[in-house]
1. Can you tell me which residues in the stretch 148-175 are open to solvent by less than 50 Å² (accessible area, probe 1.4 Å) and in a helix (DSSP H, G or I)?
2. Would you point out which residue out of Ser254, Ser244 is within 26 Å of Asp293 (Cβ to Cβ) and modelled with pLDDT of 85 or more?
3. Just to be sure I understand the filter: pairs with C-beta atoms under 8 Å, separated by 6 or more residues or on different chains, first member in the stretch 188-201 and under 12 Å from Leu216 (Cα atoms), second member open to solvent by 60 Å² or more (accessible area, probe 1.4 Å) and of a type outside the set (S, T, N, Q). Which pairs pass?
4. Which of the numbered conditions does Gly40 fail, given that it passes all the others? Conditions: (1) of a type in the set (Gly, Ala, Ser); (2) assigned to a helix (DSSP H, G or I); (3) open to solvent by less than 30 Å² (accessible area, probe 1.4 Å).
5. Please pick out the residue among Thr161, Thr145 that is at pLDDT below 95, under 25 Å from His59 (Cα atoms) and hydroxyl-bearing (Ser, Thr, Tyr).
6. Name the helices (runs of 4 or more DSSP H) wholly within the stretch 178-295 that hold at least 3 residues that are among the small types (Gly, Ala, Ser) and either under 30 Å from Thr3 (Cα atoms) or open to solvent by less than 30 Å² (accessible area, probe 1.4 Å) (or both)?
7. Of the residues that make up the stretch 79-93, is at least one open to solvent by 20 Å² or more (accessible area, probe 1.4 Å), in a loop (DSSP other than H, G, I, E, B) and of a type in the set (A, V, I, L, M, F, W, C)?
8. Looking at the stretch 16-37, I want the residues that are exposed (fewer than 12 other Cβ atoms within 10 Å of the Cβ) and have a partner that is in a helix (DSSP H, G or I) with Cβ atoms under 9 Å, at least 6 apart or on another chain. Which pairs are those?
Amino acid sequence: METDLRFLTETYSPDKVVCREEQLKTILHSIDVYHSFGKGYNLLLCGRTGTGKTATLNHLRKQSVFLQYITCSIDNSPSKLLARLIGLDNYRRSDNLIYKLLDKLNKEPRGIIIDEIDKVRDLPRVLEILNIIYREKQVPIIIATKNFKFIKLLPEDIKLTLFLKPIFFNLYNMSELKTILEERLRLANISLLSNQIILICAIASNIGSARLLLHLAYKCITENNFKAGFMREIVKEFETQETSEFLVNQINNSDKKILKAIFELNTQNQLINSKVLIEKSNLSSSTVAFALDHLEFLGMINTETKNLGGRLGKNRSVRIEKYEIEMIKRIKDVLLQ
């Protein structure tokens with residue numbers, strides 16, 4: 001049997017879900033509930049990039065024709081998303097797509113998977129569409145996001161209708177990464193020394209991403225270099241590229257100005273709040289507020305609103321954790337463009 005490095009790429013969809021059996025069990029239960037009672041419950045898969053959300057969903061859709069899979073990395077607008085769910089290649093904006101979809105679901109009920117919802121354009125409209133679908137047809141809806149605050153930031157009417165049950169995909173630990181890598185190496189018919197496998201998994205465990213793990217193993221094998229220094233450089237390049245690509249597509253000029261200001265204030269150990277950001281960015285208070293909402297939704301910052309009393313009124317402070325500080329540092333060049 002020849003070696004096949006395709007098994008070490010993220011495009012390969014494994015037949016067996018490794019280290020995510022509990023999450024898979026919960027998703028399958030939601031589908032069973034729908035088939036038994038005619039009303040499913042909705043799920044929100046939460047986890048950072050590389051924690052197995054897409055791999056689990058790909059496994060599910062291969063196992064069940066009941067589920068229809070949409071990824072917002074491709075279908076990233078409300079119209080595209082609806083057209084794909086209906087099965088249309090050509091459509092006009094004036095087409096009444098939502099009613100066509102409801103009619104189709106009436107004839108052929110199917111559960112809906114929305115992967116990478118963080119990449120969608122006009123999220124409020126997409127949520128409104130999902131709200132209508134569930135209210136009318138009660139088919140289970142499964143949403144995947146990298147933002148752990150997704151539910152907190154939803155409008156109240158969406159929360160109360162969709163009632164999303166969160167399923168957490170935590171970062172993989174070293175033991176889980178070792179299980180994943182050994183399974184992929186077996187499929188690829190590749191043998192590595194035990195110390196090489198342990199070092200790859202140890203370095204990848206600092207991030208806890210299976211995507212990084214496989215990328216790292218692929219580079220080490222193809223370059224025939226298993227030195228720790230080489231691996232750390234690969235990790236640094238990988239993180240910078242992934243974060244930069246995501247931000248180029250997601251943040252606008254106002255977001256960039258605010259992130260740049262946050263980064264500079266943080267390095268100077270200065271207080272970061274909405275008042276300071278308005279002065280430093282030269283943006284209006286409403287623009288700053290909207291940018292902070294968007295950046296918090298993307299999981300890049302945390303904010304807290306406090307009433308300072310008197311004429312000072314409410315002020316919004318910004319807090320960034322160690323992970324977020326490092327992420328902003330890595331994409332500083334993008335912010336300065």
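1. Result: Ile158, Thr161, Leu162.
2. One residue alone meets the criteria, Ser254.
3. Hits for this filter: Ile197/Lys178; Ile197/Glu182; Cys201/Met174; Cys201/Lys178.
4. That leaves (2) as the condition not met.
5. Just one listed residue meets the conditions, Thr145.
6. 194-204, 228-250
7. Here is the first cut: in the stretch 79-93, the residues open to solvent by 20 Å² or more (accessible area, probe 1.4 Å) are 79-80, 84, 86-93.
Now drop any that are not in a loop (DSSP other than H, G, I, E, B), which leaves 87-93.
From the residues that got through so far, the ones that are of a type in the set (A, V, I, L, M, F, W, C) too are 88.
Yes: one or more hits.
8. Short answer, once both residue conditions are applied: Lys16/His59; Lys16/Glu183.
The values are calculated or read from the model by the stated rules, or taken from the named source; none is laboratory data. This structure is a prediction, so every number in the text was calculated from the model and none was measured. Cβ coordinates were reconstructed from backbone atoms using ideal geometry, including for glycine residues, and neighbour counts include every protein chain displayed. These accessible areas exclude ligands, DNA and RNA; they are computed on the full protein's heavy atoms, side chains included. Shrake-Rupley method; radii C 1.70, N 1.55, O 1.52, S 1.80 Å.
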